[in-house]
Structure formats: structure tokens, C-alpha cells
Amino acid sequence: MSDGSFRAVPPPSAPRPGASPGVGGVLLPILVGLLGFLLGLGIGRFVLGERVQLAEPMPAETVTAVETVTQTVTETVTETVTETVTQTPTAPTSPTAPPAADDILLDGTFTAGQFEFSEVTIREDSFEDFEVSATVTSTGGDVATAQWTVRILDAAGEELGTASASGGPLAAGASADVRLISFDDYAPGADTVEFVVDSQT
């Protein structure tokens, strides 16, 4: 039982060396570290947000200047390409082959049997031989086939060469174009022709 007097309480003894700390000694460093991490995260987000907000949109004057430069470059490139294409020299054309001897178109018509020959033309073919073309008309009945020979004559009546062809069928009164082929070398001086009917059916 207390007698009403005070007693001195001795101070707590110091922890013994090697003794484990209490719960408060373990949690306090952890709480301090966690608080520092949260403060750092908040400051970082604040700084990042400020940086994002500082990125202002490009002024209208700058956008207009960029568009003007782009348009100028495009027009310059287009004009350069167009001018280059326009001024490109064309490839030189190969010299044309010398013209063949002038065709000789004979006036009038020539008759052999029931056939009439008009628009008779004498020329030199690609083998440097005679060639005769004409329009032949059957003035008689129908013809199944026919063969003709033409003699090519000079002004003196001398024969320069001959040409021949065959054709058909040819109805009465009908006309057809025919080309008579020759194996005689072409020679100048042709003046007239003489047709002969070799056969007809």
C-alpha cells in the first residue's frame, strides 16, 4: 500500500548490443522512403505536364510560310520538267530510200478477147523487174479462170519485156484489179503495151 510519498523511477536501461529493433524502428525508414517516392512521382508528373503545356501550336504565319515555300518548289520542279520534255530533241529520222522509177500510166484502154484493160500502169518492182497493174473487165459472159500476158513495148514497137497473171472467177460485166508479174529486168523507155489472152474457162 502506498504511503503517499513519491518514488524516483529509474531511467530505462539502454538496449543490449545485438538486440533486434522494435516494430517502430523497422517501419519508420520504410514510410520515409515511400513518402519520398510518392513526392518524386508527383513532382515528375507536374514537370512533365508543364512541358507538354509549353508545346504551343505553330503560329499561322509559320504555316503560311511553309505552304508558300512548298508551292514554290512544286511549281519550279513542274516547270523544269515541262521545259526539259519540251526541249528534248527528237531522234533523227533515217534517210528515206531513193524513190523508184516513176510509174508510167498509159492512157486509154486495151482489149484482148472479151477482156478490156484500163488504168494500165508500168513500174519497176522491188526486184528491179517490170511490173504491170491494170483493171480488167469482162465484156462477155462469165469467166471461171483466165490467164493473160502483156508485152511491154517502146515507142519503136520493140519488146522490152513481158509480164503475166491469172485470175477469176469474173462475172459478165464485172471488173477486178490484176497485177502482172515479170522476170525481165526493168528498162526505161516503155511507151505502150499489148495484151494477149493465154487461156480462159
Tell me, what is the FRET efficiency for Val196 and Asp142 to the nearest 0.05, using R0 = 25 angstrom and their Cβ-Cβ distance as r? 0.75
Residue-count net charge about Ala172 - beta-carbon cut-off 13 Å; Lys, Arg +1, Asp, Glu -1: -2
Per-peptide average of other Cβ atoms within 10 Å, ordering 102-111, 179-188 highest first: 179-188, 102-111
The answer for the net charge of residues other than Ala112 whose Cβ lies under 14 angstrom from its Cβ, with Lys and Arg +1 and Asp and Glu -1, is -2
Ranked highest first by the average count of other Cβ atoms within 10 Å around their residues, in what order do 139-149, 114-124 fall? 114-124, 139-149
Starting from the Cα of Thr149, step 7 Å along the direction of its Cβ; do the same at Ser126; then give the gap between the two resulting points in nm. 2.8
Can you check what the net charge comes to around Val197, using other residues whose Cβ is under 14 Å from the Cβ of Val197 (Lys, Arg +1; Asp, Glu -1)? -2
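FYI, it's all coordinate maths here, none of it is from the lab. As the structure is a computational prediction, the values presented were derived from the model and not from experiment. Because the Cβ atoms are built from the backbone with ideal geometry, glycine has one as well, and the counts that use them run over all protein chains shown.
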